[in-house]
Structures are given as C-alpha cells and as structure tokens.
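Peer 1: Dumping the structure here so I can ask a few things about it.
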Amino acid sequence: MKHTLMYLKVIVFVLLLLIALAGFLLGSLCVIVGLVSALVDQSARPLILVFVGLFCGFIGFVALDAIDYIDDKWSWKV
C-alpha cells in the first residue's frame, strides 16, 4: 500500500509539472506571437494574444506553486 500511494504522488507531481511547463511555454509563445504580429500588421487585434499568454503563464505559475506546496506537505519516504 505504501508503494501505491507513492506512485500516485509521483503521478500527481508529474502531471502538475507538465501543466506548469505547458503553461509557461504556451504563455511565452502567445506573448511573442502577439507582439510580433501586432508590429508586423500595424494593428491592435493581435495584442489579445498577450493577455492570453499572461493567463497561460499565470496557470503555469499556479501549478508550480501547487508543486511547491505538495512537496512541502507530503512525505516522500517509502
């Protein structure tokens, strides 16, 4: 039973890590694409991607904070 709980903890940890990485990568990509396309097109419409990127980055930050909280709260001893 100890190993089952350990595997479940690792799965939750890895899923949160993937969510954090995806949020940061998608957020960075949206901000860069939004700014570059707004400069190239000379219009303000692509700037909505900046807000989408900031939201995705916030989701990544919350997942990273959840990882830190879980790491402090759970015991990783087998």
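Peer 1: Residue pairs, Cβ under 8 Å, 6 or more apart or interchain, first in the stretch 4-19 and under 15 Å from Asp72 (Cα atoms) and at pLDDT 90 or above, second open to solvent by 60 Å² or more (accessible area, probe 1.4 Å) and among the acidic types (Asp, Glu). List them.
Peer 2: Phe13/Asp71
Peer 1: Say we look at the stretch 1-57 and pick out the residues that are touching a Pro at 6+ places or on another chain (Cβ under 7 Å) and not aliphatic (A, V, I, L, M); which of these is nearest to Asp68 (Cα to Cα)?
Peer 2: Let us first name the residues in the stretch 1-57 that are touching a Pro at 6+ places or on another chain (Cβ under 7 Å), namely 34, 37-38.
Narrowing further to those that are not aliphatic (A, V, I, L, M): 34, 37.
Numbers: Gly34: 31, Ser37: 36 Å.
If we take residues in the stretch 1-57 being touching a Pro at 6+ places or on another chain (Cβ under 7 Å) and not aliphatic (A, V, I, L, M), then Gly34 is nearest to Asp68 (Cα to Cα).
Peer 1: Pairs needed: first member in the stretch 20-49, on the phi < 0 side of the Ramachandran plot; second member anywhere, of a type in the set (Ser, Thr, Tyr); C-beta distance under 8 Å; at least 6 residues apart or different chains.
Peer 2: The qualifying pairs are Pro46/Ser37; Leu49/Ser37.
Peer 1: Does Leu47 satisfy being open to solvent by 60 Å² or more (accessible area, probe 1.4 Å) and at pLDDT 95 or above?
Peer 2: Values: open to solvent by 60 Å² or more (accessible area, probe 1.4 Å): yes; at pLDDT 95 or above: no.
So Leu47 does not fit the description; no.
Peer 1: Can you tell which of Ile67, Ile32 is open to solvent by 70 Å² or more (accessible area, probe 1.4 Å) and assigned to a helix (DSSP H, G or I)? Write out each step before concluding.
Peer 2: On the way: Ile67 fails: open to solvent by 70 Å² or more (accessible area, probe 1.4 Å).
Exactly one residue qualifies, and that residue is Ile32.
The values are calculated or read from the model by the stated rules, or taken from the named source; none is laboratory data. Just so it is clear, the structure is predicted and the values come from calculations on it, not from any experiment. Heads up, the Cβs are rebuilt from the backbone with ideal geometry, glycines too, and the neighbour counts pull from every protein chain shown. Remember, those area values only see protein heavy atoms, side chains included, never the ligands or the DNA or RNA. Shrake-Rupley method; radii C 1.70, N 1.55, O 1.52, S 1.80 Å.
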